[in-house]
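Colleague: This structure is in structure tokens; I'll ask about it shortly.
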Amino acid sequence: MKITEKYVVNLILSIVLVFSSLGVGLSFFAKEYILSSETFIDVSDEKDIPQKVYDEINEYFVKSEAYSGIPADVYMSAISVDDIENLIDMKLSSLFTYIYAEGEGERDDLDFLDTEGSFDYEQKLEKNVTDFFDEFALENNVEVDDNYNAQLQKTIDTANSEINNFTDVYMLSLIDDTGIIAKIRTLYKFLDPIIYACAGLTGLCVVLIIVFSRKYIANIFYWIATSVMCMSVLSLVPVLVVKLSGITDRLIIRNKCTYTAYTALFSDIMNTLVIDLIFVFAVGAVILSIGVIISKIGKKNV
């Protein structure tokens, strides 16, 4: 085989290697980082979202006192920032448990996001509201009848529902209504086959490059290095364009907690991608340098 033919073959293999390694990297990143509850939870903790949500809930109950007559402390003394954090974390953990589950499976609407009845604060909240109603009834000679009990239960349910809604900082309920979560669950099961297929193709390309360049060791490092560096640049450019444009900071989300959560999440994903891709590029540069050194040593020995 002539050297020109080898060059064409290696060029084709390197192009395939660029896209196969890109497939491995992006699929693996999507599975292990983007589709991980830990990523969302870490962002929430880092931006102090539980405290922000707690303050929003307190503000809501303070305002509601004007028409309900129930002091905000009746509700807020039953719940803590830790409870809010646990609520947020449980929603995220339940969501991804649902996504990871094999098979299609039937479920009730939003049952994987329903955290009501899962925390001790709910019992405290029920007791606080009940005690307030009982004290109010005693002081104002209100008859404890079916209407009274119905209003009591409605007040407790509404409070729990509002707390549940406030802690849905990633708007998972709204997203689920669009059917996107179900589609992600369906697509998730294809990630492993994609990773294995792309990894196999990547390995095959590397082996073939080694075979066709076995008489010119420096060429092996050259072709592999350029493929790795091209793959990183091909991924890095669009990520940097999005990051530097600041488009994620211009999201139209009125809720401050949700806005903070999503902008921080997108920023974290892009920053992690940039760091990883720069590292990959550096690895490619090192491989290329090794190839250059081998080439120079070979020329000296000729």
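The values are calculated or read from the model by the stated rules, or taken from the named source; none is laboratory data. Keep in mind that this is a model prediction, so the values were computed, not measured. Backbone-built Cβ (ideal geometry, glycine too); neighbour counts: all protein chains shown. Note: accessible area is taken over every heavy atom of the protein model, side chains too, but ligands, DNA and RNA are not part of it. Shrake-Rupley method; radii C 1.70, N 1.55, O 1.52, S 1.80 Å.
Colleague: Given the conditions (1) in contact (Cβ under 8 Å) with a residue 60 or more places away in the chain; (2) buried (at least 17 other Cβ atoms within 10 Å of the Cβ), report the number of the one that residue 295 does not fulfil.
Modeller: In the conditions (1) in contact (Cβ under 8 Å) with a residue 60 or more places away in the chain; (2) buried (at least 17 other Cβ atoms within 10 Å of the Cβ), residue 295 misses (2) alone.
For every residue, the table says whether it meets (1) among the polar types (S, T, N, Q); (2) in contact (Cβ under 8 Å) with a residue 40 or more places away in the chain; (3) outside any helix (DSSP H, G or I).
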site	(1), (2), (3)
52	no, yes, no
73	no, no, no
79	no, yes, yes
85	no, yes, no
90	no, no, no
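Colleague: Looking at the structure I just gave you, is residue 278 in a loop (DSSP other than H, G, I, E, B) and β-branched (Val, Ile, Thr)? Don't jump to the end; show me each part of the working.
Modeller: Details: in a loop (DSSP other than H, G, I, E, B): no; β-branched (Val, Ile, Thr): yes.
It is false that residue 278 is in a loop (DSSP other than H, G, I, E, B) and β-branched (Val, Ile, Thr).
Colleague: Here is a further query. Look through the stretch 166-186, keep the residues that are surrounded by 13 or more Cβ atoms within 10 Å (Cβ to Cβ) and free of Cβ contacts under 8 Å to residues at least 40 places away in the same chain, and return whichever of them is nearest to residue 53 (Cα to Cα). Reasoning before the result, please.
Modeller: Looking only at the stretch 166-186, we keep the residues that are surrounded by 13 or more Cβ atoms within 10 Å (Cβ to Cβ), and these are 166-173, 175-176, 181-182, 184-185.
Filter again for free of Cβ contacts under 8 Å to residues at least 40 places away in the same chain, leaving 175, 182.
Numbers: 175: 19, 182: 27 Å.
Among residues in the stretch 166-186 that are surrounded by 13 or more Cβ atoms within 10 Å (Cβ to Cβ) and free of Cβ contacts under 8 Å to residues at least 40 places away in the same chain, the one nearest to residue 53 (Cα to Cα) is 175.
Every residue, every condition in (1) among the charged types (D, E, K, R); (2) in contact with a Ser or Thr (Cβ under 7 Å, 6 or more places away or on another chain), yes or no:
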position: 227; (1), (2): no, yes
position: 244; (1), (2): no, no
position: 249; (1), (2): yes, yes
position: 254; (1), (2): yes, no
position: 275; (1), (2): no, no
position: 283; (1), (2): no, no
position: 291; (1), (2): no, no
position: 295; (1), (2): no, no
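Colleague: Just name the residue that is modelled with the lowest pLDDT out of those in the stretch 241-261 that are open to solvent by 30 Å² or more (accessible area, probe 1.4 Å) and hydroxyl-bearing (Ser, Thr, Tyr). Give the steps one after another, and end with the answer.
Modeller: Here is the first cut: in the stretch 241-261, the ones open to solvent by 30 Å² or more (accessible area, probe 1.4 Å) are 241-245, 247, 249-256, 259-260.
Checking which are hydroxyl-bearing (Ser, Thr, Tyr) leaves us with 245, 259-260.
Numbers: 245: 85, 259: 91, 260: 91.
Among those residues, the one meeting the criterion is 245.
Colleague: I'm told residue 67 meets every condition in (1) of a type in the set (Phe, Trp, Tyr); (2) within 21 Å of the chain's Cα centre (by Cα); (3) open to solvent by 50 Å² or more (accessible area, probe 1.4 Å) except one. Can you identify the failing condition by its number?
Modeller: All conditions pass for residue 67, except number (2).
Colleague: Within the stretch 138-160, count every residue that is in a loop (DSSP other than H, G, I, E, B) and closer than 15 Å to residue 70 by Cβ.
Modeller: Filtering the stretch 138-160 down to residues in a loop (DSSP other than H, G, I, E, B) leaves 141-145.
If we keep only those that are closer than 15 Å to residue 70 by Cβ as well, we get 142.
Result for the stretch 138-160: 1.
Colleague: Working only within the stretch 229-259, note down all residues that are among the charged types (D, E, K, R), within 19 Å of the chain's Cα centre (by Cα) and assigned to a loop (DSSP other than H, G, I, E, B).
Modeller: Of everything in the stretch 229-259, nothing turns out to be among the charged types (D, E, K, R), within 19 Å of the chain's Cα centre (by Cα) and assigned to a loop (DSSP other than H, G, I, E, B).
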